[in-house]
Ligand code: PAF
């Protein structure tokens with residue numbers, strides 16, 4: 001597996017290779033969810049590229065950025081073992097030569113749900129994804145449905161700005177107790193990890209209204225950001241942990257009527 005660090009290296013690599021390219025952008029701390037995206041890409045394209053970059057512009061909370069789990073060498077081994085051909089690992093200075101003077105901003109859906117309490121989050125996500133797609137020029141790019149709002153906004157951006165990549169959403173991969181896999185789960189204390197399965201459990205309960213679920217989560221000790229049903233899906237975001245290390249969890253489920 002090639003490790004590409006500079007913009008020149010990723011551009012050079014892209015010119016060298018032929019056939020269709022699938023791309024899996026990540027922020028590292030890889031788990032089975034990321035590997036399922038890699039597997040799908042390997043099945044659908046000739047060659048798979050990934051990126052590992054903890055993008056500071058999408059973190060509205062500096063403590064969340066500082067606490068973001070980091071396991072670069074294990075991540076590289078996992079990608080290589082899975083069959084990824086090249087991983088792009090840029091630095092801030094190379095990816096943001098403009099020091100974030102230019103951004104991609106969506107004005108509606110990005111202000112709802114996670115966007116309501118995380119100002120600038122989706123602008124950071126859309127901007128970095130735009131940069132990565134422009135550099136990697138993949139035929140397909142793979143994103144998990146756990147970040148459903150992110151996935152819809154990226155699809156919208158690609159359509160609105162006429163990018164030529166197909167954005168492919170992949171199903172949420174869950175732990176045995178229902179918790180959606182996420183890099184942030186690594187930061188849960190064992191007590192919070194035990195309690196965390198209640199989040200998906202309650203979200204999936206069709207007998208309860210959004211308000212009832214919020215109330216139950218609150219009683220169980222979760223700090224609830226939102227529980228909202230929209231477009232046939234129920235979305236939720238909660239915070240667990242204490243002041244020293246709050247951990248934000250998001251999830252969504254299809255509403256079966
Ligand atoms: O979902 C993520 O890991 C990130 O938001 C992404 C898409 C890699 C952009 O930094």
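The values are calculated or read from the model by the stated rules, or taken from the named source; none is laboratory data. All of these numbers come straight from a predicted model, not from anything done at the bench. A quick note on method: Cβ atoms are made from the backbone with ideal geometry, for glycine too, and the neighbour counts reach across all protein chains shown.
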Which of the following residues is buried (at least 21 other Cβ atoms within 10 Å of the Cβ) and touching a residue at least 60 places away in the same chain (Cβ under 8 Å): 133, 153, 126? 133
Working only within segment 21-33, note down all residues that are surrounded by 14 or more Cβ atoms within 10 Å (Cβ to Cβ) and either over 24 Å from the mean Cα position of the chain (by Cα) or touching a residue at least 60 places away in the same chain (Cβ under 8 Å) (or both). 21, 22, 23, 24, 25, 27, 28, 29, 30, 31, 33
Keeping to segment 98-112, report how many residues are part of a helix (DSSP H, G or I) and surrounded by fewer than 21 Cβ atoms within 10 Å (Cβ to Cβ). 2
Exactly one of 54, 38, 3 is touching a strand residue (DSSP E or B) at 6+ places or on another chain (Cβ under 9 Å) and either assigned to a loop (DSSP other than H, G, I, E, B) or surrounded by 15 or more Cβ atoms within 10 Å (Cβ to Cβ) (or both), and that one is 38
Can you run down the residue pairs with Cβ atoms below 6 Å, 6 or more apart or on separate chains, where the first is in segment 223-252 and over 20 Å from residue 181 (Cβ atoms) and the partner is in a strand (DSSP E or B) and at pLDDT 95 or above? 223/239; 224/238; 226/237; 227/236; 228/235
Counted residues, segment 132-152 - those being part of a helix (DSSP H, G or I) and either near the ligand (Cβ under 10 Å from one of its atoms) or in contact with a strand residue (DSSP E or B) (Cβ under 9 Å, 6 or more places away or on another chain) (or both): 12
Report yes if residue 163 is free of Cβ contacts under 8 Å to residues at least 60 places away in the same chain, in a loop (DSSP other than H, G, I, E, B) and within 16 Å of the ligand (Cβ to nearest atom), otherwise no. yes
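Among the residues of segment 201-219, how many are more than 15 Å from residue 257 (Cβ to Cβ), surrounded by 14 or more Cβ atoms within 10 Å (Cβ to Cβ) and free of Cβ contacts under 8 Å to residues at least 40 places away in the same chain? Walk me through it before giving the result.
As a first pass, look at segment 201-219 and keep what is more than 15 Å from residue 257 (Cβ to Cβ): 201-203, 211-219.
Then keep just the ones that are surrounded by 14 or more Cβ atoms within 10 Å (Cβ to Cβ); that gives 201-203, 213-217.
Next cut, free of Cβ contacts under 8 Å to residues at least 40 places away in the same chain only: 201-202, 213-217.
Result for segment 201-219: 7.
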Which condition number does residue 76 fail, the rest of (1) within 13 Å of the ligand (Cβ to nearest atom); (2) assigned to a helix (DSSP H, G or I); (3) crowded, with 18+ Cβ neighbours inside 10 Å being met? (1)
Among the residues of segment 113-131, which ones are within 12 Å of the ligand (Cβ to nearest atom) and not in a helix (DSSP H, G or I)? 118
Looking at the structure I just gave you, is residue 115 in contact with a helix residue (DSSP H, G or I) (Cβ under 8 Å, 6 or more places away or on another chain) and either at positive phi or loosely packed, with under 14 Cβ neighbours inside 10 Å (or both)? no
Can you name the condition, by its number, that residue 30 falls short on among (1) more than 13 Å from the ligand (Cβ to nearest atom); (2) in a loop (DSSP other than H, G, I, E, B)? (1)
Just a yes or no: is a residue in segment 191-208 part of a loop (DSSP other than H, G, I, E, B) and within 27 Å of residue 119 (Cα to Cα)? no
Selection status of residue 183, closer than 20 Å to residue 60 by Cβ and either without any contact (Cβ under 8 Å) to a residue 12 or more places away in the chain or in contact with a helix residue (DSSP H, G or I) (Cβ under 9 Å, 6 or more places away or on another chain) (or both): yes
